[in-house]
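The values are calculated or read from the model by the stated rules, or taken from the named source; none is laboratory data. All figures in this text were calculated on a predicted structure; none of them were measured in a lab. Note that we place each Cβ from the backbone using ideal geometry, even for glycine, and neighbour counts take in every protein chain shown.
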Amino acid sequence: MMPLLEIRHVTFIADKEPILDNLDLIIQEGEIHALIGTNGTGKSTLARLVMGCEGYHTNSGKIIFAQQQIDKYSIEKRASLGISMVWQEPAYFEGISVRDYLNLNNQENLSECLLSVGLNADEYLDRMLDKTMSGGERKRIELASMLAIRPRLCILDEPVSGIDLLSINNIISVIKQIQRQGSTVLLISHREEIASIADRASLLCGGKIILTSTPEKVIQSYKSRSCVICDGRECNHVSI
Amino acid sequence: MSVFDKFRLLLNSVGENSKLLEDQNTAHIAVDGQVLLSKQSIPGVSIEIEQHNDLTIARITVTSHTQVSNPVHLCFSMFQQAGRQNFRVHIFLEPYAKVSFISHGLFTTVDTAKHIMDKTIEISEGASLSFTDSHFHSQSGGIKVLSSARIKVGKYGYYFSDFSLTTGRVGKLNLDYSVEAEEHAVVELISRIFGHANDSINMTEKVNLNGRFSHSVIKSRVALEGEATAIITGITEGCAEGARGHMDCLEIIKDKAVGQSIPVVKVSHPLAKVTHEAAIGTIDNKQLETLIVHGLSLEQATDLIVLGILH
């Protein structure tokens, strides 16, 4: 496999505090790569840096996507290269229907996309993406949109937050479907059952990737409290 | 081409079907300037017109227990380049009548005009009125709209109003609505306005929840660009047990536009409750970025969000 996304020596400082510190990470084309870490370790920050969201630009280092250095590109340019993202808490919109939203790029098979995420097209296509929609419903619409637009790199930030426990298996199958459709997936989660579906995983702590391996090994390391970077302080590990 | 034919074309151009003016089951008034072009009453809906030199008065009565299936259309145009249109409309719904009105302000060809609309609406016990007021303006910016309404909603009555001015330049808009709600009455006021260039919008909507368990919502959606200004005043007074009111104002501003929201909440009964929320600012960045990562340009994303809130 070829690297699709290379993050090289990236440092990101916010309010004089280093959030990411000389971080290196490689995502291979076609894989699901889980990024694991406790709350506040910088997982979502890394996602926003890759996407190029406002206020998220590297202080040093490079982000390379499909062999192009993109860290100076606008979010529009990055989206045009095929990077897309689902936020942990997606935005709501007044007056925009699910149909309009899923059809932003004249995609087809909207009903199938909704069905894949467990939503009935007859019931949802004409619903508005406003606050009348629950967090779980909104998250499912976002995942359906990824099925519809088929990005080259799909960043999923905590895709099961707000999803009821009984539906987690459905979301897992959607993530695998996104991959089968040809997308590479950067899967951000601190939940074992989600991270375990990845082809590879990386553990983030203290602003660095401290381990990249199989999901089993990374999850084991995460659970065994063997962090050598923070000595158990930042990621709540109690011993080295 | 006759004025009436031009009128029909104009009506079609804003997405309405001008055949409604020939439909025997649809009550309507069609007016150009101060000239009455057509009117039709139907069983249960009586329309009387009284014309003066510079004032036209329409009296519309819906008889009790009548459920009017087709909306009543009130169509106003001005084909002259400049002019003045002065209207008073009195609408009276007898008990348990149910009707909807669609008012079309067709000012897409006029440069300078003043449209004065003064409505009094009385909704009797158990009656229901939905009033959609859509304005379509030219790009001249020379149109002044002075629209006022005094509405009484009787016991268990329902009043819904949706005012929109999102096509063309607003010019100057002065809108002043006041509603009195009796016991168990329900009132919903919605307004959607898009101001451009140096358009000026001044809107006051007031609801007095006088009756026990009366409810109201005032919802305003305003988008402003260029040097447009808007002052949106929402007033709700809760004066009785179980009265519930809510006001929700959202203004999106771009360029050098200035938006102002003035919510006034007054409660004079310990078991009444009135809430409000207001947000004024540029477009939410997370909304923009969400649409951009779905493939829209910044401009397309901005337009879609603005159109969405004015939807």
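Worth a mention:
- Test result for A:ILE27, within 14 Å of chain B (Cβ to nearest Cβ), crowded, with 20+ Cβ neighbours inside 10 Å, among the β-branched types (Val, Ile, Thr) and more than 11 Å from the chain's Cα centre (by Cα): no
- Restricted to the stretch A:59-78, and to residues there that are among the basic types (Lys, Arg) and surrounded by fewer than 19 Cβ atoms within 10 Å (Cβ to Cβ), the residue that is farthest from the other protein chains (Cβ to nearest Cβ) is A:LYS62.
- Complete set of residues in the stretch A:179-216 that are of a type in the set (Lys, Arg) and surrounded by 17 or more Cβ atoms within 10 Å (Cβ to Cβ): A:ARG200, A:LYS208
- Residue in the stretch A:92-142 that is farthest from the other protein chains (Cβ to nearest Cβ), counting only those that are of a type in the set (Lys, Arg) and within 21 Å of the chain's Cα centre (by Cα): A:ARG140
- Candidate set from the stretch A:79-91 (those that are in contact with a Lys or Arg (Cβ under 6 Å, 6 or more places away or on another chain) and at the interface with chain B (Cβ under 8 Å from one of its Cβ atoms)); member that is farthest from A:LEU35 (Cα to Cα): A:ALA91
- Test: B:GLY44 is more than 25 Å from B:ILE151 (Cβ to Cβ), surrounded by fewer than 19 Cβ atoms within 10 Å (Cβ to Cβ) and small (Gly, Ala, Ser): no
- Scanning the stretch A:116-139 for residues that are touching a residue at least 24 places away in the same chain (Cβ under 8 Å) and either assigned to a helix (DSSP H, G or I) or under 15 Å from A:TRP87 (Cβ atoms) (or both) yields A:SER116, A:TYR124, A:LEU129, A:MET133, A:GLY135, A:GLY136, A:ARG138, A:LYS139.
- Test result for A:ILE13, closer than 24 Å to B:ASN285 by Cβ, of a type in the set (Val, Ile, Thr) and surrounded by fewer than 15 Cβ atoms within 10 Å (Cβ to Cβ): yes
- Within the stretch B:233-267, the set of residues being in contact with a Lys or Arg (Cβ under 9 Å, 6 or more places away or on another chain) and farther than 28 Å from B:GLU182 by Cβ comprises B:LEU250, B:GLU251, B:ILE252.
- Checklist (1) of a type in the set (A, V, I, L, M, F, W, C); (2) closer than 28 Å to B:ARG212 by Cα; (3) over 23 Å from the mean Cα position of the chain (by Cα) applied to B:ILE232, failing item: (3)
- The residue that is farthest from A:CYS154 (Cα to Cα), counting only those in the stretch A:173-201 that are among the β-branched types (Val, Ile, Thr) and more than 13 Å from the chain's Cα centre (by Cα), is A:ILE197.
- Against the criterion of being touching an Asp or Glu at 6+ places or on another chain (Cβ under 7 Å) and surrounded by fewer than 19 Cβ atoms within 10 Å (Cβ to Cβ), B:SER140 qualifies.
- Boolean, B:HIS52 is within 20 Å of the chain's Cα centre (by Cα) and either at pLDDT below 95 or surrounded by 15 or more Cβ atoms within 10 Å (Cβ to Cβ) (or both): no
- Residue match in the stretch A:143-154 (condition: within 13 Å of chain B (Cβ to nearest Cβ), at negative phi and either in contact with a Lys or Arg (Cβ under 6 Å, 6 or more places away or on another chain) or polar (S, T, N, Q) (or both)): yes
- Within the stretch B:291-305, the presence of at least one residue that is within 13 Å of chain A (Cβ to nearest Cβ), on the phi > 0 side of the Ramachandran plot and not basic (Lys, Arg) is confirmed.
- Taking the listed residues B:PHE160, B:PHE194, the one that is closer than 28 Å to B:ALA82 by Cβ, of a type in the set (Phe, Trp, Tyr) and either surrounded by 18 or more Cβ atoms within 10 Å (Cβ to Cβ) or out of contact with any Gly (no Cβ under 9 Å at 6 or more places or on another chain) (or both) is B:PHE194, with no other qualifying.
- The residues on offer are B:VAL222, B:VAL217, and the sole one that is under 16 Å from the mean Cα position of the chain (by Cα) and buried (at least 20 other Cβ atoms within 10 Å of the Cβ) is B:VAL222.
- Residue within the stretch A:104-115 that is hydrophobic (A, V, I, L, M, F, W, C), farther than 22 Å from B:LEU304 by Cβ, in a helix (DSSP H, G or I) and in contact with a helix residue (DSSP H, G or I) (Cβ under 9 Å, 6 or more places away or on another chain) present: yes
- B:LYS286 falls short of the stated requirement of being surrounded by fewer than 20 Cβ atoms within 10 Å (Cβ to Cβ) and either in contact with a strand residue (DSSP E or B) (Cβ under 9 Å, 6 or more places away or on another chain) or hydrophobic (A, V, I, L, M, F, W, C) (or both).
- Any pair with Cβ under 7 angstrom, 6 or more apart, that starts in the stretch A:167-191 at a residue that is under 16 Å from A:LEU35 (Cβ atoms) and ends at one that is among the acidic types (Asp, Glu): A:THR184/A:GLU29; A:THR184/A:GLU31; A:ILE188/A:ASP157; A:ILE188/A:GLU158; A:SER189/A:GLU158
- For the condition within 11 Å of chain B (Cβ to nearest Cβ), within 20 Å of A:LEU156 (Cα to Cα), touching a residue at least 24 places away in the same chain (Cβ under 8 Å) and in contact with a strand residue (DSSP E or B) (Cβ under 9 Å, 6 or more places away or on another chain), A:TYR56 qualifies.
- Residue list for the stretch B:253-282, restricted to those being surrounded by 20 or more Cβ atoms within 10 Å (Cβ to Cβ) and either polar (S, T, N, Q) or within 14 Å of chain A (Cβ to nearest Cβ) (or both): B:SER261
- Filter result for A:SER116 (farther than 15 Å from A:ARG99 by Cβ and of a type in the set (S, T, N, Q)): yes
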